[in-house]
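Just so you know, all these numbers are worked out from the coordinates, no wet-lab data involved. Quick caveat: nothing in here was measured; it's all calculated off a predicted structure. Every residue, glycine as well, gets a Cβ built from its backbone with ideal geometry; the counts of neighbours run over all protein chains shown.
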Amino acid sequence: YPSDLLPPTTPAVDGARIALVTGASRGLGRSMATHLAQAGIGVIGTYHSNSEEAGKLVAELTALDVPAAALRLDVADSESFEDFTTQIRATLDGFGVERLAYLVNNAGIGVHAPYTETTAEQFDELFHVHVKAPFFLTQLLLPLLADGGRILNVSSGLARFTGPGFAAYASAKGAIEVLTRYQAKELGERGIRVNVLVPGAIATDFGGGVVRDNEQTNRAVAAAIALGRAGEADDIGAAVPLILADGFSWANGTRIELSGGQNL
Ligand code: NAD
């Protein structure tokens, strides 16, 4: 990274800056974790069930010479958040660091169902994962965030434009954009900036690989994107250290859309 874009030194405590990235075992979260580590930032990544992939990620990040750890977290289980926060505190202690510099609320699921067929269970799961977790887990983690720390929530282009079968998912993403503005307002007074990243269509495991593996969807997506292709995880991950860098510090409550020019 050019020196003026280097991630900040300000929220560092005892030398190391640490990011907590939820859903880091694959997809966008994994790419974010890797690019943060390449920028010299330590990473605590959470995984849901795949401890083997999480172990590989920690080995890769450690090889980049930054503090790294993986913790299990089910963002749909809000009763586990206090215990998880205790584990984060212990992990930071183990790194010899008092505070988190960054929190990236990335974990998500892509439940696909037409509005008329969406069940209450699907709706509740989507809102637990995409709204309740960033709402309450962030609340609990606030005492661990450094003054000058940053929070990045993750929305979706579908919060603004309609995609077939995403009524409940997109409603939850709309809610996280509203929550971001309120967090930015209240937490800005404490020196904590909160922004929301808005990816367009990216070829990952998301939604059962709907963008990556479904040829028809992939073609339709590519046609809707000015750059002529679906995004790759690294199109998003590589941008995250830049979004969290000092040069971006006047962004607060901002929607940062990275879509290759989708639906222009
Ligand atoms: P992905 O399916 O590859 O990865 C999702 C990650 O979230 C995984 O690490 C998974 O383990 C984790 N996760 C899912 N449910 C969880 C739970 N209950 N508890 C803890 N972790 C859980 O998908 P992705 O494309 O990397 O998506 C990452 C984020 O980006 C999500 O918030 C998604 O809504 C958003 N997004 C994705 C796209 C896209 O096209 N891929 C577009 C816009 C927004």
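Key figures for this structure:
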| item | result |
| --- | --- |
| Residues with amide H under 5 Å from that of GLY148, placed H, sequence gap 5 or more | ILE192 |
| Span from the the stretch 80-129 Cα centroid across to the the stretch 211-244 one, whole angstrom | 23 |
| Three-way shape label, the stretch 201-241, alpha-carbon gyration tensor, a/c 1.5 | oblate |
| DSSP-assigned coil residues among GluC sites (Glu not before Pro) in the stretch 130-197, each with at most 10 further Cβ atoms within 10 Å | GLU189 |
| Rounded to 5, percent antiparallel among DSSP beta bridges of the chain | 5 |
| Reachable lysines from LYS185, criterion Cα separation under 20 angstrom, eight or more residues apart if same chain | LYS132, LYS173 |
| Farthest positive-ward along the chain dipole, Cα basis, beta-carbon charges - from HIS48, THR85, THR180 | THR180 |
| Cα gyration tensor shape for the stretch 123-187, rounded if a/c is under 1.5, else prolate or oblate | prolate |
| Exposure proxy order (Cβ contacts within 10 Å, fewest to most) of LYS132, LYS173, LYS185 | LYS185, LYS132, LYS173 |
| Helix-derived mean residue ellipticity, 222 nm - over the chain, DSSP H n ≥ 4, -39500 (n - 2.57), to 500 | -12000 deg cm²/dmol |
| Relative intensity, log₁₀ I(q)/I(0), of the chain from a Debye sum that treats every alpha carbon as a point, q = 0.11, 0.12 Å⁻¹ | -0.56, -0.67 |
